[in-house]
Amino acid sequence: MPTTRFARSALACAVLATALVLGPASAARSAERFTPPLEVSSGGLARCTAVNVSGSARSITIEVRDSAGNLVAPGNCTASNPVSGTVGAGDVSTVRCSGSGFRYCRFAVDGARKTIRGVLRATDAATATVGLLAAE
């Protein structure tokens, strides 16, 4: 029995040490939201928009990705992709990318998920909205 008690104590210490080491690091990580994929037709645009719904400025990163999970090439976008910056309370940040195929958005924030909302809007060549999906 002493061996079992020692093994339990060692396991408990290892779990506690891991929690102490990872705990502060986890708090520093960003929270994420993703939209479902939406098909963009030829000549259309995928627009990923984030709004900061918190009471203070937040660092937000927005990415437009293709169906394989790759970033859409920045040359096809109106801004760099990804776009990162500080977004004031109540303010909005957007990145638009052209090209056809399925697209989705990834939003990351330096706070809790509840501090941002995001949406993917797909438009056709005439800039009419053909789809709108909220990030989850």
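Tell me, please, whether a residue that is of a type in the set (D, E, K, R) and modelled with pLDDT under 95 can be found in the range 26-38.
Yes, because at least one residue in the range 26-38 is of a type in the set (D, E, K, R) and modelled with pLDDT under 95.
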> Since Ser80 meets every condition but one in (1) modelled with pLDDT of 95 or more; (2) over 18 Å from Ala122 (Cβ atoms), which condition does it not meet?
Replying inline: (1)
>> For the range 125-136, which positions are farther than 16 Å from Glu63 by Cβ and either part of a helix (DSSP H, G or I) or of a type in the set (A, V, I, L, M, F, W, C) (or both)?
In response: Ala125, Ala126, Ala128, Val130, Leu132, Ala134
>> If Arg5 meets every condition in (1) surrounded by fewer than 10 Cβ atoms within 10 Å (Cβ to Cβ); (2) modelled with pLDDT of 95 or more; (3) of a type in the set (D, E, K, R) apart from one, which number is that one?
In response: (2)
> Where residues in the range 78-131 are among the aromatic types (Phe, Trp, Tyr) and surrounded by 18 or more Cβ atoms within 10 Å (Cβ to Cβ), which of them is farthest from the chain's Cα centre (by Cα)?
Replying inline: Tyr104
> In the range 54-72, what residues are closer than 24 Å to Thr129 by Cβ and surrounded by 13 or more Cβ atoms within 10 Å (Cβ to Cβ)?
Replying inline: Ile60, Ile62, Glu63, Val64, Arg65, Asp66, Leu71, Val72
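The values are calculated or read from the model by the stated rules, or taken from the named source; none is laboratory data. Model, not experiment: these values are computed from the prediction. Here Cβ is always computed from backbone atoms with ideal geometry, including for glycine, and neighbour counts include all displayed protein chains.
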